[in-house]
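S.K.: Structure incoming, see below.
None of the figures in this text is laboratory data; all of them are computed from the coordinates on show. Being a predicted model, the structure only gives us computed values, none of them experimental. Reconstructed Cβ throughout: ideal geometry from the backbone, glycine too, with neighbour counts over all protein chains shown.
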Number of protein chains: 2
Amino acid sequence: MREESARSERRQRHASIVDVAALAGVSPSTVSRSLRGHENVSPATRQRVADAARELAYTVSPHGSGLASGRTGTVGVVVPFVTRWYFANAVAGAHDALHAAGFDVLLYHLGDSPSRDRFFERMPLARRVDAVLTLSMPLTDAHTLALRALDMPLVTLGARLDGVSSVRIDDQAAARSAVHHLLHQGHEDIAMITAREDDPGFGFVAGADRLQGYRTAMAAAGLPEDVVTARTYGIEGGAEAMTRLMERGRLPSAVLAEYDEVAIGVLRTLRRSSVPVPARISVIGVDDHEMASVLDLTTVAQPVQEQGALAARLLLDQLDGQAEGPVDLVVPTTLVVRSSTGPPSQS
Amino acid sequence: MREESARSERRQRHASIVDVAALAGVSPSTVSRSLRGHENVSPATRQRVADAARELAYTVSPHGSGLASGRTGTVGVVVPFVTRWYFANAVAGAHDALHAAGFDVLLYHLGDSPSRDRFFERMPLARRVDAVLTLSMPLTDAHTLALRALDMPLVTLGARLDGVSSVRIDDQAAARSAVHHLLHQGHEDIAMITAREDDPGFGFVAGADRLQGYRTAMAAAGLPEDVVTARTYGIEGGAEAMTRLMERGRLPSAVLAEYDEVAIGVLRTLRRSSVPVPARISVIGVDDHEMASVLDLTTVAQPVQEQGALAARLLLDQLDGQAEGPVDLVVPTTLVVRSSTGPPSQS
DNA sequence: GGCCCTCCTGCAAACGTTGGCAGGCTCGTG
DNA sequence: CACGAGCCTGCCAACGTTTGCAGGAGGGCC
């Protein structure tokens, strides 16, 4: 009791716009206009207001402002797993661009499929944000419906959505270029490891496209497909899938992993089984994960932070009303050859 | 013109609490109370309100609510670099705990030292959040002052701050236990690589403590110190520092890295120089980074997501007024022995 | 049957800002 | 000197909730 009242007394209320107005000797409206550099405010007034605001350490209340203007100054960034390299980097890129433009970032870390469903059902974004950025998520129809219903600027990263701007790489081409690299080195027995294609609960939505690229490239070369689907995502998934691949008896001469984390899992299994890379088997991934350089993993690199920033920029354009309609930005990838790939063994 | 008016017409305004009230045949106050399950509302009314709200797809406006109640339902999470494994995991842990408690997470990705300063000067957190969680950041006095001035619940992760609750590991003990492991294997020539100790712009604030732990353990064993400071953080820093260490001519028999990413950089340099690990040199880190298992890196593991969740819980307790005063939660670490450490070579 | 208490509900006043509207002042021009 | 055109500025009505206060209805107890 006693303590509580003491505490609430000590907690000095924030200065409000009327306090600033009083101190500056003007009306609240003038303060509002002045502080936002809006319309025509005389330099003298502007100065007085600025001084008063600084003296009172005034910050505009997002609630008051949001209520009156209908804008929140906040963008929602929706991501399945921040802990994964790709997402963390995309979030960082997007955050920095948005923050620089004066927007706050509300992070929604969705996790697995069921929590994802719950999220889209409750749609907590409704009135909290001005725009939404979704990162490479496998979206069900219900999800996209919920997103569209928000009726606000929307950009997707790493995935296509009808009528929505997006930033991504050409996943099919990336996979093809990986396959071509292997073909070029003389491989003919190339397996692909995908991450849970059928139940996309955890996967990158890009998986299907990369698989398609692999198929196209193999078919064009007249070679048979060999696809293994990991039972879980990331390193563990790759490790487990590679184990299964080895248990089949006959080892392919090269493996294309859907993304680098899978490839890293593959490498771990191979090392533990003392299968030499690339002497006995070549491994290639997609992403150019931070660790690829450490593990000497050959990979098809994509610029992740840049894509995040690009997506943010698209969002900002839409918020400015500058946007011409949805665009689909496809950024280039580059093959980074390291020593996890090489010519197949003679045998 | 035409288009625009068409668009704004189509954009159906959100249902407000008075719409719900009208539909349910009650007053807005009753809707408010009912929806928050607050005071006593008759079951019949509660049901009618719930139905009306569902029918209109009503969501409370955070702005209206925030303005009236003074609460934001939002927690600010401040992090230097989300792209780093430790931070991404801590953010994930904290987010999930906060989200489960009904809070939104405003992410502030600060980056390097200058942007950090700018952030704390402008203090955009002021009226947007109910509480703040800062993740292992080296905070200057100006920073902590700005944080305290917010006068709201505050928790730090991976760092101590006077009068503020914190969650962390015992960094000195972690480093000591790493050194003891090496001593136990017979090493006497143990170097430590720290990440930019003097200018903590990028580093974990824990670095100083880990260094201290190393010093204490070495002194207790009667062995001389050998400290190398990396010029940048993470993998690249570790790689570069190891290069310098090798250029000195005499190689230590073991290296303790301030954290796993540094150790990973060390391993990269060693592999590229064909220095066998652990035959010629042992390497140990701290964290148990996701990649440690892939690289067979011996390390002192700490539970990162759990610490994030724990920190969130502390924050929630403070928001509930349950907190007894600041606590300093120290979670245990475990030595995970893999094959990057072994007895020193006979030579 | 009357009185008091409890339970439920409505009223109205905040909360802090924005933006349309209108009015006053100043300055330039004829 | 009069008139018109800008510039600046203030007034006021939102925006959507929460919450203290008060009042009405219904039920239990004597």
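S.K.: Kindly list the residues of the stretch A:239-263 that lie in the label zone of A:Arg280, defined by a backbone N under 18 Å from the point 7 Å along the Cα-to-C-beta vector.
M.R.: Of the residues in the stretch A:239-263, A:239-256 have backbone N under 18 Å from the label point off A:Arg280.
S.K.: Out of A:Gln307, A:Leu245, A:His99, whose Cα points farthest toward the positive end of the dipole of chain A (charges: +1 Lys, Arg; -1 Asp, Glu; placed on Cβ)?
M.R.: Checked the options; the winner is A:His99.
S.K.: A further question follows. Using only atoms on other chains, find how many Cβ atoms lie within 10 Å of each Cβ of peptide B:293-306 and report the average.
M.R.: Other-chain Cβ atoms within 10 Å of each residue's Cβ, averaged: 2.
S.K.: Find out how many positive minus negative residues lie around B:Thr134, taking Lys and Arg as positive, Asp and Glu as negative, among other residues whose Cβ is under 13 Å from that of B:Thr134.
M.R.: Charge balance in the 13 Å sphere: +4.
S.K.: Using a Gaussian network model on chain A with a 10 Å cutoff between Cα atoms, which of A:Val20, A:Val79, A:Val330 fluctuates the most?
M.R.: A:Val20
S.K.: With each pseudo-label sitting 7 Å past Cα toward Cβ, what's the A:Glu247-A:Ala50 distance in nm, one decimal?
M.R.: Result: 7.1 nm between the two label points.
S.K.: Treating each Cα of the stretch B:171-302 as an identical point scatterer and ignoring solvent, apply the Debye formula and state log10 I(q)/I(0) at q = 0.16 Å⁻¹.
M.R.: Relative scattering, expressed as log10 I(q)/I(0), comes to -0.68.
S.K.: Ok, one more. Could you work out how far apart the two model spin labels at A:Leu335 and A:Ala57 are, taking each label as a point 7 Å from the Cα in the direction of the beta carbon, and quote it in nm?
M.R.: Each label point is offset 7 Å from its Cα along the Cβ direction, giving 5.9 nm.
S.K.: Still on this structure: What share of the DSSP beta bridges in chain A is antiparallel, in percent to the nearest 5?
M.R.: Working: 4 of 40 bridges.
Given both bridge residues lie in chain A, the antiparallel proportion sits at roughly 10 percent.
S.K.: For the charge dipole of chain B, defined by +1 on Lys and Arg C-beta atoms and -1 on Asp and Glu C-beta atoms about the Cα centroid, which residue among B:Asn40, B:Tyr214, B:Ala131 has the Cα displaced farthest towards the positive pole?
M.R.: B:Asn40
S.K.: Quick check for me: using +1 on Lys/Arg Cβ and -1 on Asp/Glu Cβ, what's the dipole size of the protein assembly as shown about its Cα centre, in debye to the nearest 20? Mind showing how you got there, number by number?
M.R.: Values: 68 positive and 82 negative charges, 170 e Å.
Dipole magnitude for the protein assembly as shown comes out near 820 debye.
S.K.: Roughly how crowded by other chains is peptide A:72-79, in terms of the mean Cβ count from those chains within 10 Å of each of its Cβ atoms?
M.R.: For peptide A:72-79, the averaged partner shielding equals 2.
S.K.: Relative contact order for the stretch A:171-302: what percent, with Cα pairs under 8 Å and sequence separation of 6 or more?
M.R.: The normalised contact order for the stretch A:171-302 reaches 26 percent.
S.K.: A:Val26: net charge of surrounding residues, Cβ under 13 Å, Lys/Arg +1, Asp/Glu -1, itself excluded?
M.R.: Counting the neighbours of A:Val26, the net charge comes to +1.
S.K.: Rounded, prolate or oblate for the protein assembly as shown? Axes are the square roots of the Cα gyration tensor eigenvalues, ordered a ≥ b ≥ c, and the cut-off for rounded is a/c under 1.5. Mind dumping the intermediate values first?
M.R.: Numbers: a/c = 2.07, a/b = 1.36, b/c = 1.52.
Verdict is oblate for the protein assembly as shown.
S.K.: Now for a separate question. Per-residue ellipticity at 222 nm for the protein assembly as shown, helices alone: DSSP H runs ≥ 4 residues times -39500 (n - 2.57), over residue total, nearest 500 deg cm²/dmol?
M.R.: Details: 28 runs with 315 residues, N = 694.
Mean residue ellipticity, 222 nm, calculated: -14000 deg cm²/dmol.
S.K.: Work out from phi, with θ = phi - 60° and the Karplus expression 6.51 cos²θ - 1.76 cosθ + 1.60, the ³J(HN,Hα) of each residue of the stretch B:60-77, listed in order in whole Hz, and give x for Gly and Pro.
M.R.: So the J values, rounded to whole Hz, are 5, 7, x, 6, x, 4, x, 5, 6, 9, x, 9, 10, x, 9, 10, x, 10.
S.K.: Now a separate question. Using the Kirkwood formula on the Cα atoms of the stretch A:68-174, what hydrodynamic radius do you get, in angstrom to one decimal? Walk me through the numbers before you get to the answer.
M.R.: Working: mean 1/r = 0.0701 Å⁻¹.
Computed over the stretch A:68-174, the radius equals 14.3 Å.
S.K.: For Cα pairs less than 8 Å apart in space and 6+ apart in sequence, what is the mean separation divided by the residue count of chain B, i.e. the relative contact order in percent?
M.R.: Relative contact order here is 17 percent.
S.K.: On to the next question. Which far-off residues, 5 or more places away or on another chain, put their amide H under 5 Å from the one on B:Thr74, with H placed in the peptide plane?
M.R.: Correct list: B:Asp104, B:Asp130.
S.K.: Which net charge results when you count Lys and Arg as +1 and Asp and Glu as -1 among the other residues whose beta-carbon is under 14 Å from that of A:Leu310?
M.R.: -2
S.K.: Given the options B:Ser274, B:His289, B:Leu256, identify the residue whose Cα lies farthest towards the positive end of the charge dipole of the stretch B:171-302 (+1 on Cβ of Lys, Arg; -1 on Cβ of Asp, Glu).
M.R.: B:Ser274
S.K.: Further, regarding this structure: Per-residue counts of other Cβ atoms within 10 Å, averaged by peptide: what ranking do you get for A:99-108, B:42-51, highest first?
M.R.: A:99-108, B:42-51
S.K.: Moving to a separate point now. Looking only at A:Thr74, A:Thr30, A:Thr232, which one moves most when chain A is put into a Gaussian network model with springs between Cα atoms under 10 Å?
M.R.: A:Thr30
S.K.: Starting from the 7 Å offset along Cα-to-Cβ, what nm value, one decimal, do you get for the label separation of B:Asp328 and B:Arg272?
M.R.: 4.1 nm
S.K.: For the Cα atoms of chain B, what angle does the longest principal axis make with the long axis of helix B:43-55, in degrees from 0 to 90, nearest 10?
M.R.: 70 degrees
S.K.: With axes computed from alpha carbons, what is the tilt in degrees of helix A:304-320 against the longest principal axis of chain A, rounded to the nearest 10 within 0 to 90?
M.R.: 40 degrees
S.K.: On a 0 to 90° scale, report how tilted helix A:234-247 is relative to the longest principal axis of chain A, with both axes built from alpha carbons and the result rounded to the nearest 10.
M.R.: The answer is roughly 10 degrees.
S.K.: Dipole size in debye (nearest 20) for the stretch B:189-347 around its Cα centre, Lys and Arg Cβ +1, Asp and Glu Cβ -1?
M.R.: So the magnitude is around 880 debye.
S.K.: What is the mean projected area of the alpha carbon convex hull for chain B, to one decimal in square nanometres?
M.R.: Over every viewing direction, the Cα hull of chain B projects on average to 24.0 nm².
S.K.: Shielding of B:58-65 by partners, i.e. mean partner chain Cβ atoms within 10 Å per residue? Mind dumping the intermediate values first?
M.R.: Numbers: counts 1, 7, 2, 6, 11, 14, 4, 3.
So the per-residue partner count for this stretch is 6.
S.K.: Another question, then. Charges at C-beta only: +1 for Lys and Arg, -1 for Asp and Glu. How large is the resulting dipole of chain A about its Cα centre, in Debye rounded to 20?
M.R.: Dipole magnitude for chain A comes out near 880 debye.
S.K.: Mind checking which of B:Ser136, B:Ser16, B:Ser293 has the largest fluctuation in a GNM of chain B, springs on alpha carbons under 10 Å?
M.R.: Between B:Ser136, B:Ser16, B:Ser293, it is B:Ser16 that shows the largest mean-square fluctuation.
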